[in-house]
Amino acid sequence: MASSQHVRWRLGSITLLTVLALSGCGSHARSAAPSPRATATALAGSPAPLAALHRQANLLEGGGLPAFHAQLAALRGYPVVVNKWAHWCGPCQSEFPVFQEVGVTLGRRVAFLGLDGNDQTAGARAFLRQFPVSYPSYEDPHSAIANAIRAATYFPQTVFFSATGRLLYDHIGPYESASALERDIHQYLGVAA
């Protein structure tokens, strides 16, 4: 009897440890995307270059470095925030709701772009369905874009460009809150929250 209880106790302990270990994997982030109606209302009246960007909301764009450079050129005159992410990156998943919120809050004055690095297209698209954003992301499977904007090392990584296209700031790691991202946008880009 003692041996049977011991086996059950060990199996129960192993099961509990497995459940606890698995519960720490992945992201517990929840989408913070405003409703489509709230997003449309918040972004209504955006200047033409930013409105064009919003029409590409949540798309995963190809075209590599030439397409990305063309997009940056089209956004001259507006500060740009580029967030590098991947669907497999836990910290990227935890910060994505911050970009969902701030992309809408400041999207009439600041251009936001995503950079999906070292990722698989199917996984990235599924992630964007779960966490829709008001701006497009560019596929960067071999880090060509990330290398060009000095963002090839970390996940996530956020790069800030001035309205003239000059790289001003490089934030390594996830943004923990909308206020932290807004604070950096104010500090480095001069845009009030």
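The values are calculated or read from the model by the stated rules, or taken from the named source; none is laboratory data. Just so it is clear, the model here is predicted, and its values are computed rather than measured. Here the Cβ is made from the backbone with ideal geometry for all residues, glycine too, and neighbour counts use every protein chain on show.
Could you count how many residues in segment 132-147 are in contact with a helix residue (DSSP H, G or I) (Cβ under 6 Å, 6 or more places away or on another chain) and either free of Cβ contacts under 8 Å to residues at least 40 places away in the same chain or of a type outside the set (D, E, K, R) (or both)?
Count: 6.
This table checks each residue for (1) of a type in the set (Gly, Ala, Ser); (2) at pLDDT below 95.
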position	(1), (2)
Arg10	no, yes
Ala29	yes, yes
Ser35	yes, yes
His54	no, no
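Name the single residue that is surrounded by the fewest Cβ atoms within 10 Å (Cβ to Cβ) among those in segment 148-193 being part of a strand (DSSP E or B) and free of Cβ contacts under 8 Å to residues at least 60 places away in the same chain.
So the residue we want is Ile172.
Restricting to segment 107-132, count the residues that are assigned to a loop (DSSP other than H, G, I, E, B) and farther than 22 Å from Ala152 by Cα.
Residues that pass the stated criteria total 6.
What residue, of Ala70, Ala38, Ala42, is out of contact with any Phe, Trp or Tyr (no Cβ under 9 Å at 6 or more places or on another chain) and without any contact (Cβ under 8 Å) to a residue 60 or more places away in the chain?
Being out of contact with any Phe, Trp or Tyr (no Cβ under 9 Å at 6 or more places or on another chain) and without any contact (Cβ under 8 Å) to a residue 60 or more places away in the chain holds for just one of Ala70, Ala38, Ala42, which is Ala70.
When you go through (1) farther than 15 Å from Gln71 by Cβ; (2) surrounded by fewer than 24 Cβ atoms within 10 Å (Cβ to Cβ) one by one for Ala144, which number turns out not to apply?
The one condition Ala144 does not meet is (1).
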